[in-house]
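Written out below as structure tokens is the structure these notes cover.
The values are calculated or read from the model by the stated rules, or taken from the named source; none is laboratory data. Treat the numbers as computed from the prediction; the structure is a model and nothing was measured. In this analysis, Cβ positions are derived from the backbone assuming ideal geometry, glycine residues included, and neighbour counts consider all displayed protein chains. The protein model used for the area step is the full one, side chains on, heavy atoms only, and it has no ligands, DNA or RNA in it. Shrake-Rupley method; radii C 1.70, N 1.55, O 1.52, S 1.80 Å.
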Amino acid sequence: MADTKILVALDVSNIEQARTMIRELAPHVFGFKVGLELCSAAGVPTVVNGISDQGGAVFLDLKFKDIPNTVYGAVKASCRPGVFMMNVHCDGGSEMMKAAVKAARESDNTPLMIGVTVLTSVDLSTLNDEMRVSGTIQEQAVHLALLAKGAGLNGIVCSPHEVRAIKQACGESFVTVVPGVRPAWAVTGDQKRVMTPAEAAAQGADFLVIGRPITNPPTEVGSPADAARKIVEEIKMAVVG
Ligand code: C5P
């Protein structure tokens, strides 16, 4: 079983709210995923420093997609100390992904470069009719994962249900970053086809991206720190059991 690590999704627009969460949760989780909303509001350097000052690792979820030269520059500018992982869209093409990998390797802290395959908001008719890409979403996701691997990316974002297929296609060391995870005690909300953290860990997921079950846990679970500790414990029990 993989040594599954937890990244808390900081889906807030305000750096003060984020700081409160980071202070409380940094001792209990591996790191934090920050995306376009918080980075647009507060700026990448402020957000990254706010997390790394508390000892948390940063997954910069900015999903770069542009011409290779621009992505190269964006990755270079974002490889700040504390950033251990960032991502690009696989459908920007091999040259763009290679430019991202090159920029990461030239940086002092060389973050893991992760690919986004097919957004979960894209359904089959969007893929086939609007984007005019034939085949199923799963076929396209595996195709883009292999393309990402060929371009030197370290892994991809995928659902817990796809971890095994991706590892089979791309190898066990190809990193899987997995949202759509819900402890049995949490509200499912808008996530569909969820797995519990322990189940996702058993599939071999490397990183679990978990937001609301930790940042806004049910009253009976307690504080965000209590929720994070409970999830870490559940994963550990699954490993031992
Ligand atoms: O609150 P919740 O646990 O649903 O948060 C999951 C995080 O993972 C959110 O930041 C969401 O945008 C992100 N995500 C996702 N599904 C994807 C890709 C990213 O839920 N396919």
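Structure values in brief
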item: Top-ranked residue of region 22-37 - restricted to ones that are within 18 Å of the chain's Cα centre (by Cα) and either open to solvent by 30 Å² or more (accessible area, probe 1.4 Å) or modelled with pLDDT under 95 (or both), ranked as nearest to the ligand (Cβ to nearest atom); result: LYS33
item: Candidate set: region 91-114, residues that are of a type in the set (Gly, Ala, Ser) and assigned to a loop (DSSP other than H, G, I, E, B); chosen: the one farthest from VAL71 (Cα to Cα); result: SER107
item: Every residue from region 102-123 that is surrounded by fewer than 21 Cβ atoms within 10 Å (Cβ to Cβ), over 13 Å from VAL157 (Cβ atoms) and in contact (Cβ under 8 Å) with a residue 24 or more places away in the chain; result: LYS102, GLU106, SER107, ASP108, ASN109, THR110
item: Region 181-198 residues that are on the phi > 0 side of the Ramachandran plot, paired with ones that are within 12 Å of the ligand (Cβ to nearest atom) and polar (S, T, N, Q) (beta carbon under 8 Å, 6 or more apart); result: ARG193/SER159
item: Unmet requirement for VAL178, which otherwise passes all of (1) modelled with pLDDT under 95; (2) within 12 Å of the ligand (Cβ to nearest atom); result: (1)
item: Subset of region 163-183 [outside any helix (DSSP H, G or I) and either more than 12 Å from ASP206 (Cβ to Cβ) or among the hydroxyl-bearing types (Ser, Thr, Tyr) (or both)]; result: GLY171, SER173, THR176, PRO179, GLY180, VAL181, ARG182, PRO183
item: Region 204-237: number of residues that are on the phi < 0 side of the Ramachandran plot, away from the ligand (no atom under 16 Å from the Cβ), in contact (Cβ under 8 Å) with a residue 24 or more places away in the chain and outside any helix (DSSP H, G or I); result: 2
